[in-house]
Amino acid sequence: MIRFGIGYDVHKLVPNRKLILGGVEIEHSLGLEAHSDGDVLIHAIIDALLGAATLGDIGQHFPMTAEFKDVSSVDLLKKTCALLAAKGYTVGNIDSIIVAQRPKLAPHILSMRERLAKVLNIELDAVSVKAKTEEGLGFTGTEQGISAYAVASLEK
């Protein structure tokens with residue numbers, strides 16, 4: 001059986017925070033405001049995976065409590081993989097998009113894919129990460145925030 005899920009996340013850009021996307025720290029003057037490290041890409045992937053397994057959403061499993069304050073989203077993704085494994089699922093593939101006006105993400109895409117493939121225990125060619133701008137439009141285009149979308153497949 002193959003199942004599919006979709007995920008989305010968005011966070012506001014603020015000063016004095018690291019910018020982490022796909023588990024990779026990216027040099028930038030702003031970072032993402034969040035209870036965790038704010039990695040919108042991994043958050044969207046987690047929601048896609050949880051949705052495919054009908055396990056709810058990221059907030060149900062990792063609420064805004066002291067336990068998850070400033071937690072690495074990579075750690076949350078590892079915990080999500082354990083939840084999936086407990087239900088007999090393996091990840092088939094991930095397709096994702098990061099929407100950000102700046103910084104330019106093309107130089108970081110391969111590192112993100114490698115990091116995600118390792119954590120998800122899947123082949124590199126099963127992880128797609130794309131980056132888009134909003135041509136100066138909307139909250140991402142005016143650099144107020146960054147968003148991400150993901151689709152995931154699970155196999156059982």
| remark: Along the stretch 93-107, Karplus-curve 3J(HN,Hα) (6.51, -1.76, 1.60; θ = phi - 60°) to the nearest Hz, with x for Gly and Pro, reads 7, 10, 10, 9, 9, 9, 10, 8, 6, 9, x, 5, 9, 3, x
| What's the angle, to the nearest 10 degrees (0 to 90), between helix 109-120's Cα axis and the longest principal axis of the chain? | 30
| field | Sequence-distant residues sharing a close amide H with K130 (under 5 Å, placed H) | value | S96, I97, I98
| query | Given the C-alpha centroids of the stretch 35-85 and the stretch 105-156, what is the distance between them in whole angstrom? | reply | 16
| said: Cut-off under 29 Å on the C-alpha distance; same-chain residues fewer than 8 positions from K79 excluded. Which lysines are left, in chain and number order? | reply: K12, K18, K69, K87, K118, K130, K132, K156
| request: Given the options K78, K118, K132, state which has the largest fluctuation in a GNM of the chain using a 10 Å cut-off (strictly under) for Cα springs. | output: K118
| request: Specify the angular offset, from 0 to 90 degrees and rounded to the nearest 10, of the alpha carbon long axis of helix 40-52 from the longest principal axis of the alpha carbons in the chain. | output: 30
| Going out from 0 in 5 Å bins, what whole percent of all Cα-Cα distances in the chain drops into each bin? | 2, 10, 20, 24, 20, 14, 7, 2, 0, 0
| task | Any chance you could give the angle, 0 to 90 degrees and rounded to 10, that helix 73-86 forms with the longest Cα principal axis of the chain? | result | 20
| said: Where in the chain is the longest stretch that carries no GluC sites (Glu not before Pro) classed as loop by DSSP and with at most 14 other Cβ atoms within 10 Å? | reply: 34-122
| remark: Assertion target for S73, S111, ordered by fewest C-beta neighbours within 10 angstrom first, is S111, S73
| Label point at F139 placed 7 Å out along Cα→Cβ; residues across the stretch 79-105 whose backbone nitrogen lies under 14 Å | 99-101
| Relative contact order, percent, of the chain when contacts are C-alpha pairs under 8 Å separated by at least 6 residues? | 34
| field | Built amide H within the under 5 Å cut-off of G92, gap 5+ | value | S153, L154, E155
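No value in this document is a laboratory result; all are computed from the given coordinates. If you're wondering where the values come from, they're calculated on a predicted model, not measured in any experiment. So basically every Cβ, Gly included, is an ideal-geometry build from the backbone, and we count neighbours across all protein chains shown.
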